[in-house]
Every structure is written in structure tokens, then in C-alpha cells.
Amino acid sequence: MSLLGRRGTSSEPTGPQSPPVTMEARTFWLLVMVLPLVSSSSTGQYVGLSPNQCVVPAKDRVDCAYPDVTAEQCTNRGCCFDSSIPGVPWCFKPLQEAECTF
């Protein structure tokens, strides 16, 4: 058989081929990319603050930002954000933790 007759029917690789990607590998990489985005945007964590510092009674909140500040902008300022109580500052100064002195 001539070379022309065998063209396209060869089972030998014709060039560089990437290994097959399994569904588990795709799922893993998707989680690696998505989880940090989800966890950083939805947790409402207080940047550099302990959770206890943001347990401030509504009547004792001291405003820490301007109207319409976002949660991210507020926490980036080192403040606490809680929009669950209307009529009080949502972005407020945290409680100061007692410093240990020896």
C-alpha cells in the first residue's frame, strides 16, 4: 500500500499531545480558583480584628466612615461592619482589646 493510501489511518501520534484531563482534576482546579473568591467576599470577616472587637452594642457604636460605605471599604479601614440594625452606624469603630502588660 502506498503512503497516500495510509494517510489519516495511522494510529501513531502525529504531533505533541497533552495528556487527558480527568474530571477530578478539572473539579480540583475549579475549586482552587473559586473558593478563595467566595470565602473572601462572603464571610464579612473583620480585617485584622478579633470577632470580639466587633461585638459593640448598637447604642455604643461610633461611626467610622461615610454614608453608603461598603463592607469591604469599611473593613479595609480597620473598622467593623454590621448592617443588620437600621438607624445606627453600620461601619463603626471596634472595641479596643485590653493590652497585656507584664
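The values are calculated or read from the model by the stated rules, or taken from the named source; none is laboratory data. None of these values were measured; they are calculated from a predicted model. Counting neighbours? That spans all protein chains shown, and the Cβs are built from the backbone with ideal geometry, glycine included. Calculation scope for accessible area: heavy atoms of the full protein, side chains included, ligands and nucleic acids excluded. Shrake-Rupley method; radii C 1.70, N 1.55, O 1.52, S 1.80 Å.
Okay, here's what the table says:
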{"read-out": "Heavy-atom accessible surface of segment 51-95: percent carbon and sulfur, 1.4 Å", "value": "56 percent"}
{"read-out": "Computed label-point distance, nm, for sites GLN96 and ARG26 using a 7 Å Cα→Cβ extension", "value": "5.7 nm"}
